[in-house]
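The structure appears right after this line, and notes come after that.
The values are calculated or read from the model by the stated rules, or taken from the named source; none is laboratory data. All of these numbers come straight from a predicted model, not from anything done at the bench. Because the Cβ atoms are built from the backbone with ideal geometry, glycine has one as well, and the counts that use them run over all protein chains shown. Ligands, DNA and RNA are excluded from the accessible area calculation, which covers all protein heavy atoms including side chains. Shrake-Rupley method; radii C 1.70, N 1.55, O 1.52, S 1.80 Å.
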Amino acid sequence: MFPPFPEDEAYRLCKKIAKSLEENEIRIEHTGRISEERAGAGIMIGSLICTDKDGKKVNLASLSGTSRKFVSGSPTADSIPDSIQGFIPVPCIVPPEKIDAALEKNDAEIHRLTRVLEEETDAEKRNEILSERKKLTDESLAKVHALYSFRCIDGTKKSLTEICRKRGIGLPPTGTGECAEAKLLHYAFENGLQPVSMAEMYWGKSSAKKECGKIYPPCDERCALILPEMLGLEIIYRDSSIVVVNKQSGLLSIPGRTEDKKDCITSRLKRLFPECIDQPAVHRLDMETSGLMVLALTKDAHRRLSMDFEQGKVKKEYEALLDGILAKKGIAQQGCMELYFRLDVDNRPHQIWDEVYGKKAITEWKILNVETFTTRQGERRNATRVRFIPQTGRTHQLRLASADPHGFGIPIIGDSLYGPNPEKAADESRLLLHAAYLSFTHPETGETMIFESPCPF
């Protein structure tokens, strides 16, 4: 996962904490049992630099895992102080004793089955024991995961169970919610703090996987599941000039006119980065479309990116699932179409065919596959997966290229504007259109930037 905030200032705090640990000014206390395989292993030190409502700096620090905490260097200290060595120690989101209580019911039986397994040689019986142990382990993990809820930047709270359900995940990896970054952001948002810089540093004996004193990005296994929900955005790339996000379906790119349409990609970006310019969007995706968007943090970056979009220098590719089989209509495996559309002033925001007054929309396509799609109601339908490469950037260009009789005449699945049953489209599926590829010239460095986002459907 790409680090969502600048790391330099937080990294300096991590190194300062490591030095204090080496000089015994502070120490790490283990509050739970340490397995043999974890004994002597290194730890991840996380730090988050924030500002409070008055603009005052607040330093936070935490440790990965559930059984460690910072205490002062004094051997008699047995609790977390309010502040230590210039930072606030952030505790676990769920107290260890609650996790122990959730595990207690099945713990003894799981250990008994493990001992039996070590002595059992019959393959069939071993499989039975493994199956029984897994069932108990999964039950215990589900109880632990049900304890976790995370405070988000918008003030809401999301449970781990809710996040997993939304993303189509069963049981998340063990330890989800106990990475330092999740704890730090949870604490910051609980206390009305604005993140400025965040980093996580490995401290301990170097290994092939981790080097002591080096910072590492948030992990893909656990943090990439939680942090985008807490932040409201999935950040693919960020520097001082631009941010690239993976937009979720159902969220506006820019704010609408009414109050209920203020929540959008740009408003969330400005909430994360208050120093951002007022109008960071240089292009947009339809609300129902998911995928890659680039936004500008500075006026100069916005100007240069906007010029590149206007001049067609930015390359975009989309993936879509169409409601039918294109080959049955005699449509070639790949090709390019020119269509002409304008706004239907009596039926906004619909676009209609107009060869005289319409704007030209040029779209390349390539058929990728024919497959079966299952709606939310369990109905199975034939569908065609298509790669679209728009050469222009007209409103609803790809939706019209698919649905309009002058194009394919087969709508994208879930299209509530141009599908045959608009009132049912949202119930059957989200719009199955995803911005999967984005390439542009960096407005400051001149480097060619290439981003890809796997299609979620």
Volume per residue that the Cα convex hull of segment 178-327 spans, once the total is divided by residue count, Å³: 198 Å³
Rh (Kirkwood; distinct C-alpha pairs) - segment 142-255, Å: 15.7 Å
Quarter of Cα convex hull surface for segment 311-457, i.e. mean projection, nm²: 10.0 nm²
With DNA, RNA and ligands ignored, accessible area of Lys19 (1.4 Å probe; Å², nearest 10): 120 Å²
Equivalent ellipsoid semi-axes, segment 115-174, via Cα gyration tensor eigenvalues times 5, rooted, Å: 36, 10, 7
Cα radius of gyration and Dmax for segment 189-230 (Å): 13.3, 39
Accessible surface of Asp100 - all protein chains present, 1.4 Å probe, nearest 10 Å²: 90 Å²
Accessible area (Å², per residue) of the chain, counting only protein heavy atoms and a probe of 1.4 Å: 52 Å²
Alpha carbon convex hull of segment 77-184, volume per residue in cubic angstrom: 151 Å³
CD proxy at 222 nm, helix term only [per DSSP H run n ≥ 4: -39500 (n - 2.57); per residue of the chain; nearest 500]: -8500 deg cm²/dmol
Nearby aspartates and glutamates by direct alpha-carbon distance to Lys359 (threshold 19 angstrom, same-chain neighbours under 8 apart not counted): Asp286, Glu310, Glu338, Asp344, Asp346, Asp404
At 0.890 mPa s and 25 °C, Stokes D of segment 325-373 from Kirkwood alpha-carbon radius, µm² per second: 189 µm²/s
Most to least accessible of Arg284, Arg27 (protein chains only, probe 1.4 Å): Arg284, Arg27
Value of Rg/Rh across segment 203-292 [Cα atoms, Kirkwood radius]: 1.09
Rounded Å value of the spacing that divides the Cα centres of segment 317-377 and segment 96-114: 55 Å
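Longer than 19 Å from Cα to Cα, which of Lys261/Lys313; Lys19/Lys53; Lys16/Lys69; Lys270/Lys313 are they? Say none if no pair is. It would help to have the intermediate numbers written out before the result.
Values: Lys261/Lys313 31 Å; Lys19/Lys53 30 Å; Lys16/Lys69 17 Å; Lys270/Lys313 26 Å.
Where the Cα-Cα span goes over 19 Å, the pairs concerned are Lys261/Lys313; Lys19/Lys53; Lys270/Lys313.
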Paired Rg and Dmax values of the chain, which use every Cα atom, in angstrom: 26.0, 84
Candidate residues Leu225, Leu343: accessible-area rank, largest first, probe 1.4 Å: Leu343, Leu225
Cross-link table Lys125/Lys166; Lys15/Lys315; Lys98/Lys134, entries beyond 31 Å C-alpha to C-alpha: Lys125/Lys166; Lys15/Lys315
Percent carbon-and-sulfur accessible area, the chain, ignoring ligands, DNA and RNA, probe 1.4 Å: 48 percent
By average C-beta atoms within 10 angstrom, highest first, the peptides 255-262, 155-162: 155-162, 255-262
Computed accessible area, Arg430, all protein chains, 1.4 angstrom probe, square angstrom: 60 Å²
